[in-house]
Amino acid sequence: MIANLIGSEWRRAEDGAGSLPIYNPATGEVIDQVPLSGSADVDAAVNAALAAYKGWSRTPVMERVRLMFRYKALLEQHFEDLASIITRHHGKTLDEARGEVRRGIEVVDFACGAPTLLQGRTLRDVSGGVDQDLYRYPVGVCAGIPPFNFPVMIPLWMFPLAVVAGNTYVLKPSERTPLGGARLAEIFLEAGFPEGVLNIVHGARDAVDALLAHPDVRAISFVGSEPVARHVYITAAANGKRVQALGGAKNHIVVMPDADPEITVPAILNSAFGNAGERCLAGSVAVAVGAAADRLLQPLSDAASKLVVGPGDVAGVQVGPLIRADHRDRVAGYVDKGVAEGAQLLVDGRSQMSRPGFFLGPTILDRVTPDMAVGHEEIFGPVLSVERAATLDEAIAQANRMALGNMATIFTQSGRAGREFRERVEAGMTGINVPIAQPFAFFPFSGWKGSFYGDLHVHGTDGIEFFTRKKVVVTRW
């Protein structure tokens, strides 16, 4: 049974409703147990963070940054260890896990710029003999609730920016993939951060709801499905907290007739089937405009059929397992439903379901419409739906019908089409001739519509704004 981190002490959960198994998705083997902590465990974690806040919030920024640089160095030192942990209990390939670790460390890099990022501003003589200054202060105790699909990267989107700004933190890792967050906390302590600056409490809904209601938690960061993101936003905001809640996605990839298949096909494969489709930036709907379908579908189907499915730690594997058997079965159910609703099955990954582990291979459904379940509901698996559109206007309209607005991309050689798409598509992250429009750490991860609830997004300068509050001082001497 893995333990909670309360201050500097790893403790068994004292309250809650038992435990859940942690699986190796490639084999179905149970590799550990995660406790379902309750409100008493959450209280202990928050109290430890609150006790640490008084001293940590007054620690000079350069001392906080030196520790963050040390943390960054240790993360680099343990890079392969972190990637291996991800693959072992999430299932993604080692190359994908390494990419996850790198993207997480990039936010730590960004956090090391705190002496510049936390600066305020000043204006003298706003009135006769009167000066005005703006200072940034930390918010207090913050909490983060990351999802199962990026157990290292997304926690690193959250707590490094918070603590370098002077806040203390309680992290509630996903109960499906808790080992990444626990390892990050071990390395955090090794870097020399004071006890209580980062605390870990494991669990599921009871732990989440306790954090959302806790009077001493000032800010909540969440990444997960749209319904849960909405619940987190409404509940935490009703309890007077700052909230950034990232929800689901139904991302569209528009392929124009002039798109180069040698670029487009590998990009779609990467976007749709990378991470076994379990990511909120997966391209789940490809919209072929005009004659694009004639040149796209055959090479895309051929290439998808040849992708190697297997355990993520085996060399040459390109698509790993899904997270759990019930999730795999749910994704397979969408394939059944798509065929029943009239979609044409071009590539069927359900043949992989008979092997040990939680596998489902790349699947392509053609002739999908936005009214079908596979055309508008988030599937979160290696299933690509192909829609048709006569014009770019029609393709943009199909994308904009979605209740979610995380990402949309276009493949074209036309600057005019690219600009039109950029201006009109209703997605907060937009790509032109790239498979995944993921912002680097110094820009915000900026989903729109049901893909985000809140005002300030994760990382980038939005993250700095979220984890600080402003004080304006007006002075006359």
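Applying the selection to segment 170-213, what residues are of a type in the set (D, E, K, R) and either touching a residue at least 12 places away in the same chain (Cβ under 8 Å) or farther than 21 Å from residue 52 by Cβ (or both)?
172, 175, 176, 183, 190, 195, 205, 206, 209
So is residue 286 under 27 Å from residue 370 (Cα atoms) and either surrounded by 24 or more Cβ atoms within 10 Å (Cβ to Cβ) or without any contact (Cβ under 8 Å) to a residue 24 or more places away in the chain (or both) or not? Even if it seems obvious, please write down each step before you answer.
Numbers: under 27 Å from residue 370 (Cα atoms): yes; either surrounded by 24 or more Cβ atoms within 10 Å (Cβ to Cβ) or without any contact (Cβ under 8 Å) to a residue 24 or more places away in the chain (or both): yes.
So residue 286 fits the description; yes.
Show the residue pairs meeting these rules: Cβ distance below 6 Å; 6+ apart or different chains; first residue within segment 438-457 and closer than 19 Å to residue 231 by Cβ; second residue surrounded by fewer than 17 Cβ atoms within 10 Å (Cβ to Cβ) and of a type in the set (A, V, I, L, M).
450/403
Mind checking which strands (runs of 3 or more DSSP E) fall wholly inside segment 161-259 and carry at least 2 residues that are modelled with pLDDT under 95, surrounded by fewer than 18 Cβ atoms within 10 Å (Cβ to Cβ) and acidic (Asp, Glu)?
Working: elements: 168-171, 198-200, 217-223, 242-246, 251-255.
Correct list: empty, since no element meets the threshold.
Can you name the residue in segment 12-26 that is out of contact with any Lys or Arg (no Cβ under 9 Å at 6 or more places or on another chain) and buried (at least 16 other Cβ atoms within 10 Å of the Cβ) and, of all such residues, is modelled with the lowest pLDDT?
That would be 16.
Output the number of residues of segment 28-77 satisfying the condition of being closer than 26 Å to residue 320 by Cβ and either charged (D, E, K, R) or buried (at least 16 other Cβ atoms within 10 Å of the Cβ) (or both).
Residues flagged as closer than 26 Å to residue 320 by Cβ and either charged (D, E, K, R) or buried (at least 16 other Cβ atoms within 10 Å of the Cβ) (or both) within segment 28-77 amount to 5.
Can you tell me which residue within segment 97-154, out of those that are of a type in the set (Lys, Arg) and in a helix (DSSP H, G or I), is farthest from residue 470 (Cα to Cα)? Step through it out loud before you land on a result.
From segment 97-154, those of a type in the set (Lys, Arg) are 98, 102-103, 121, 124, 136; that's our starting set.
From what's left, in a helix (DSSP H, G or I): 98, 102-103.
Working: 98: 37, 102: 32, 103: 29 Å.
Taking the candidates together, the pick is 98.
If you go through segment 429-477 one residue at a time, how many are in a loop (DSSP other than H, G, I, E, B) and under 19 Å from residue 103 (Cβ atoms)?
Qualifying residue count for the region: 16.
I'm checking my understanding of the structure. Among residues of segment 440-465 that are under 30 Å from residue 124 (Cα atoms) and out of contact with any Ser or Thr (no Cβ under 8 Å at 6 or more places or on another chain), which one is surrounded by the most Cβ atoms within 10 Å (Cβ to Cβ)?
Across segment 440-465, the extreme among qualifying residues is 463.
Just checking, which of 331, 265, 285 is outside the structural domain of residue 229 (by TED's automatic domain parsing) and part of a strand (DSSP E or B)?
285
Name every residue in segment 373-394 that is among the hydrophobic types (A, V, I, L, M, F, W, C) and in a loop (DSSP other than H, G, I, E, B), in order of residue number.
379, 380, 390
Can you name every residue in segment 368-397 that is surrounded by 15 or more Cβ atoms within 10 Å (Cβ to Cβ), farther than 20 Å from residue 337 by Cα and in contact with a strand residue (DSSP E or B) (Cβ under 7 Å, 6 or more places away or on another chain)?
389, 392, 395 - these are the residues of segment 368-397 that are surrounded by 15 or more Cβ atoms within 10 Å (Cβ to Cβ), farther than 20 Å from residue 337 by Cα and in contact with a strand residue (DSSP E or B) (Cβ under 7 Å, 6 or more places away or on another chain).
Residues 20, 36, 82, 50: which one is under 24 Å from the mean Cα position of the chain (by Cα) and closer than 30 Å to residue 468 by Cα? Full working, then the answer.
Numbers: 20 fails: closer than 30 Å to residue 468 by Cα; 36 fails: closer than 30 Å to residue 468 by Cα; 50 fails: under 24 Å from the mean Cα position of the chain (by Cα).
After applying the criteria, what remains is 82.
Restricting to segment 400-437, what's the tally of residues that are more than 16 Å from residue 268 (Cα to Cα) and in contact (Cβ under 8 Å) with a residue 24 or more places away in the chain?
Going through segment 400-437 one residue at a time, the tally reaches 18.
Is there a residue being of a type in the set (Val, Ile, Thr), buried (at least 18 other Cβ atoms within 10 Å of the Cβ) and under 23 Å from residue 437 (Cβ atoms) anywhere in segment 267-283?
yes
Answer yes or no as to whether residue 272 is assigned to a helix (DSSP H, G or I), among the aliphatic types (A, V, I, L, M) and either touching a residue at least 60 places away in the same chain (Cβ under 8 Å) or not assigned by TED's automatic domain parsing to the domain that holds residue 376 (or both).
yes
The values are calculated or read from the model by the stated rules, or taken from the named source; none is laboratory data. Since the model is a prediction, treat every value here as computed from it, not as a measurement. Cβ sites come from the backbone with ideal geometry, for glycine too, and all protein chains shown count toward neighbours.
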